[in-house]
Amino acid sequence: MSDTKDDDSKKNESGESDQSVTKIEKRKSEAPAEESEPKKAASVDDDSPTGAQTPIAKKSEDAPKSVRPKEGPSTKVVVKDEDADPPKAGRADSDEDEEPKPKKKPAAAAAAKKKAVDDDDDDDDRPAVKRPAPVPRKDSEGESRRTRASGESVGLLLVAGAVLVVGNLALQSTSRFRIDATREEKFTLSKKGTAHLLSTLNKPLHIKVYSPEGLATIDAFIRDLRDLLGEYVRYGDGKVSYEIIYPDRLEGEQKTKAEADAQEAGLKKQLMGESKGGAGSKSGTIGEGFLGMVLTYGGEKATLDLNERNQQGLEFFISNKIRELRDKEDKIIHRIGYLQGHKEKGFQELQRIFGEYFPYYKLEGIDLAKGEKDVEDGLDGLIMSTPDEEIPSKELRRIDKFLMKGKALAVFANNIHLKDADPAMNVTFSGMGVDKLLSGYGIDFKQELVIDKTQFWTPVLMGPQGMGIQLDPYPFMFMADGSRSDVTFDNKFAPFFRLPQLAVPFPSELTVDKARAGGDPVSITPVVRTSKQIVTVQGSSISVHPSRDKMGAGAGGQKDEKREAWLGVSLEGPIKSAFPGGGEGVDGVPIAAAGKARLFVLSSGNYFTNAFQEAGKSPFGGMMPGMDPNMGSDEELMRYAAIYDRNTRVYSFLVAKQTCDWISQETDLLAVGAKLMSDPELTYPKSPAPTPSPDEKPDSEAFRKKKQGWIDSIKAEQRFTQWANILIGPALIGLIGLYRWWNRNAKRAAVKI
Amino acid sequence: MNSTLIVARREFRSNFDSPIGYVVIALSLLGVGAFFFRDYWTINRATIYPLFTWLPWAFTFFVIPAITMRLFSEEKRTGTIELLITMPVRDREVVLGKYLATLALVGVLLALTLTYPLLIGRLGNLDPYPIAAGYLGMLMHASAGIAIGLFFSSVTENQIIAFMLTAVVLLGLFSIDYLGAAVGGTLGDIFAFVSFQRRLAPFGRGLIDLRHVVYFLSVTVFFLMLTTRQLESRKWK
């Protein structure tokens with residue numbers, strides 16, 4: 001150690017340090033006088049971030065006092081910094097690494113002192129620095145410090161990097177925390193639906209997913225699916241597990257077995273392809289394999305084809321399968337009654353659809369044998385649709401008794417009666433007993449048809465190449481848009497849950513008398529309402545035929561009214577009995593329902609049937625073998641029937657299914673159903689679609705002009721939106737630039753020298 | 001923190017002292033707008049999801065490389081870095097200040113795209129929350145991208161090289177998901193894990209996943225640390 005110091009001393013005496021000092025001094029002397037000014041200014045700049053001294057000035061404070069000049073010009077700094085190392089660009093933090101400099105040996109100190117004295121002499125007459133200058137830092141020490149600092153820095157970085165990587169990996173497999181910001185929580189496993197369903201499982205549920213490999217879109221889909229199934233596992237409370245099997249990865253016997261298992265479970269091997277680089281590309285990849293899942297719950301198995309790669313709908317399909325499995329295995333059956341015996345329509349078709357798509361609901365026809373039989377207690381609820389024959393009073397009392405037990409009753413009927421196979425489509429006002437029952441609960445139907453001037457059905461006949469031909473609008477079908485559910489129908493109400501649209505054929509207005517319904521304890525909610533532009537049509541027999549020359553025939557009058565009309569209502573609570581005490585041999589009927597009875601009424605004639613088909617069918621078509629079943633049928637009615645069947649009735653069936661959910665209180669899965677929905681369509685509320693006035697034909701020149709005007713208005717809105725969006729931003733930023741440029745020029749011009 | 005904010009404020013202002021800030025914002029808005037409306041009216045849905053599809057590409061290819069390339073490169077080339085580092089601010093304050101200023105510039109760009117939800121909201125029933133989530137995702141993505149750009153700017157004096165390095169790395173990180181999908185298996189999972197696109201897509205749909213937030217923050221923190229160390233490295237060079 002001492003040798004080194006000696007060497008250094010020698011260097012100082014003869015050499016290196018002094019040279020470095022000389023160099024610095026030389027640089028200083030060569031530099032123009034003003035060059036040092038900015039640095040000096042920086043050192044005392046009040047505008048500097050901390051308003052502190054320059055690092056150099058700071059260094060002079062930090063330096064050993066023995067070498068610190070008492071006062072004087074900056075040139076003296078050179079003396080202090082005569083270390084052999086080049087002067088560092090010092091800053092607040094860099095100083096932290098500095099160590100106190102070792103004391104110089106006397107010879108070196110003398111040399112430094114001499115130098116300092118010389119310097120002082122050059123500048124002024126003040127006494128020279130008395131204390132010895134510090135010994136220059138040793139190269140090897142500095143080098144080792146630098147190496148150490150570098151190593152520490154790299155080490156710190158590596159540790160930080162490793163922590164971040166490990167943290168992310170750990171989070172990847174453990175964290176399921178996420179916020180679904182969509183209005184309807186479209187992308188989240190429904191807590192009310194799926195999560196609740198999973199909580200009802202009392203046996204292990206295992207899901208096997210079979211997938212091919214090598215197709216990018218399928219691989220990406222499987223990754224999403226894995227995320228989704230992870231959510232099932234999380235909510236399954238240890239009862240749910242899953243595995244993803246790639247038969248392509250397996251070999252020999254294992255592969256054969258996996259494929260045989262998939263096949264045995266009901267999956268089919270299929271060809272799958274995708275274009276490379278998206279649509280329009282001429283190259284692509286084709287693969288073959290199984291893509292589906294097999295769900296096992298207890299002894300029950302079900303398969304789900306995953307070809308529908310719409311992740312938005314996946315939860316709905318998976319959860320419904322799980323529910324189906326659970327209900328089968330746990331023998332859970334929801335029995336829903338459908339009143340029969342009075343030529344109610346639509347039952348057979350509904351029963352077939354339920355059997356096929358919703359097997360967990362057993363829709364049973366209930367014939368009360370003119371009131372001789374009670375409605376079974378084992379039923380979760382009862383559905384009534386428009387009857388074609390009067391319901392006997394005793395049967396009404398039986399139904400009332402059933403409701404008073406705290407059960408659910410759904411009525412899809414009103415007082416509008418459409419005769420079967422009547423091509424004139426004349427309606428009369430007769431509730432066939434339904435009105436009498438509902439009147440007991442405070443619900444009354446008005447003796448008139450109601451038309452909403454803003455919401456009615458406009459059938460579009462699809463022609464060749466997707467061309468739509470608009471038929472005459474049909475005002476007797478209320479058609480509500482789900483996007484306007486705040487003013488039309490409540491699509492948060494279980495039977496209408498998130499339906500995009502609702503069609504109510506032949507509606508009449510209903511009113512509710514709160515007192516008769518049961519007073520305050522009963523909650524009364526209008527679930528379907530018209531807009532405030534309605535027309536009411538009165539008469540004893542009114543034609544609702546869609547052709548212009550027949551429509552409205554027989555009407556005694558019509559009234560334009562600026563008010564809304566209720567077309568659907570829900571009552572919940574201790575509803576008062578329609579027949580308190582029973583009567584006609586029906587006993588044990590309380591004054592009000594025990595517990596929470598539920599009643600839902602949708603005022604519609606022929607809700608579950610296709611009235612156009614019923615009215616237009618030929619009375620003799622298809623009677624003999626080989627005879628065309630449509631022979632002699634009303635062509636116009638059949639055209640309307642076809643459009644109604646294709647576009648509208650599906651929502652009626654969904655309402656039926658969701659009504660069963662409402663009845664059985666299995667409303668959990670409704671939330672899951674919403675995941676089928678995509679973003680809503682653009683509606684252009686400022687450019688409402690034109691509707692022909694009552695005396696205007698849709699193909700008239702005047703209406704065509706209206707439609708063209710509407711299309712032009714939409715196009716104009718689109719153009720405005722597009723160009724405003726593209727140009728406003730750049731224009732705004734350009735204006736800001738111009739303003740700043742102008743402002744700067746103005747300031748420059750205002751400068752006076 | 002005060003020093004950081006002062007550096008950030010000065011750096012942010014300097015973006016608007018030269019045409020580069022204006023040009024980058026204007027060009028990217030024009031480009032994104034053109035792509036946004038390519039199929040928008042055909043799809044006819046009340047959503048601004050395409051904005052969150054196209055903006056990341058603009059960020060990756062152009063915006064982030066362009067606004068980060070000069071942050072340190074220019075200072076190094078002109079020598080003003082020495083002036084900056086002789087000021088009594090710590091390296092990390094300089095790095096953080098520049099990072100915040102650039103993030104604020106991206107914020108200005110994003111703010112100018114608010115016309116999309118405002119104007120399209122007039123035509124249909126827009127769901128505002130996924131839009132907010134989408135913007136959050138864009139900020140997260142930009143944050144990570146800027147940190148990367150800042151690092152590359154600190155390693156070279158040449159702005160073009162800094163631009164290219166940033167663009168290539170961001171493009172790689174953004175589109176590696178496609179490669180992951182093509183490769184499949186464990187490697188595919190790894191690619192999916194690091195992919196910016198895969199992490200960003202859920203934000204645009206309205207999903208804020210903690211894992212993705214942490215990932216973007218991790219990338220940001222790591223590259224900011226790397227940049228700080230890169231600046232500090234002059235001590236031992």
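Only the coordinates and a few stated rules stand behind these numbers; no lab work does. Bear in mind that the values here come from a model prediction, so they are computed numbers and not experimental data. Cβ: placed from backbone, ideal geometry, glycine included. Neighbour counts: every protein chain shown.
Side notes on the structure shown:
- Summing Cβ point charges (Lys, Arg +1; Asp, Glu -1) relative to the Cα centre of chain B gives a dipole of roughly 220 debye.
- Each label point was placed 7 Å from the Cα along the Cα-to-Cβ direction; for B:Leu27 and A:Gln538 their separation is 7.4 nm.
- Based on Cα contacts under 8 Å between residues 6+ apart, segment B:77-201 shows a relative contact order of 19 percent.
- Test item: A:707-716 mean partner chain Cβ contacts at 10 Å: 0
- Placing R0 at 41 angstrom, the Cβ-Cβ distance between A:Leu271 and A:Arg183 gives a FRET efficiency of 0.60 after rounding to 0.05.
- A viscosity of 0.692 mPa s and a temperature of 37 °C, combined with the Kirkwood radius over C-alpha pairs in the Stokes-Einstein formula, give segment A:512-559 a diffusion coefficient of 237 µm²/s.
- Using a simple spin-label model with pseudo-atoms 7 Å out from Cα toward Cβ, A:Arg352 and A:Ile711 lie 3.9 nm apart.
- Per residue of B:117-130, other chain Cβ atoms within 10 Å of the residue Cβ number 6 on average.
- For the cross-link pairs A:Lys191/A:Lys405; A:Lys343/A:Lys532; A:Lys208/A:Lys255, the ones whose C-alpha atoms lie over 26 Å apart are A:Lys191/A:Lys405; A:Lys343/A:Lys532.
- Basic side chains Lys and Arg get +1 at the Cβ, acidic Asp and Glu get -1 at the Cβ, and with that the dipole of segment A:687-753 about its Cα centre reaches some 860 debye.
- Peptides A:575-581, A:263-269, A:473-479 ordered by average Cβ neighbours within 10 Å, highest first: A:473-479, A:575-581, A:263-269
- A full extension of the chain between A:Lys686 and A:Ala592 corresponds to an added length of 29.0 nm, given 0.36 nm per residue minus the alpha carbon distance.
- Shape parameters for segment A:687-753, alpha-carbon atoms, Rg then Dmax in Å: 24.8, 83
- Cross-link pairs exceeding 19 Å in C-alpha to C-alpha distance, out of A:Lys436/A:Lys514; A:Lys576/A:Lys596; A:Lys203/A:Lys268; A:Lys401/A:Lys596, comprise A:Lys203/A:Lys268.
- Average partner coverage of B:219-229, which counts Cβ from other chains inside 10 Å: 3
- Those residues of segment B:114-128 whose amide nitrogen sits under 12 Å from the label point placed on A:Asp481, 7 Å along Cα→Cβ: B:123-125
- The A:Val154 and B:Ile160 beta-carbon pair, evaluated with R₀ = 25 Å, returns a calculated FRET efficiency of approximately 0.35.
- In the structure shown, the pairs A:Lys301/A:Lys492; A:Lys239/A:Lys657; A:Lys453/A:Lys686 are assessed against 24 Å; a Cα-Cα span above that value is assigned to A:Lys301/A:Lys492; A:Lys239/A:Lys657.
- Directionally averaged shadow of segment B:2-235, computed from the convex hull of its alpha-carbon atoms, nm²: 13.7
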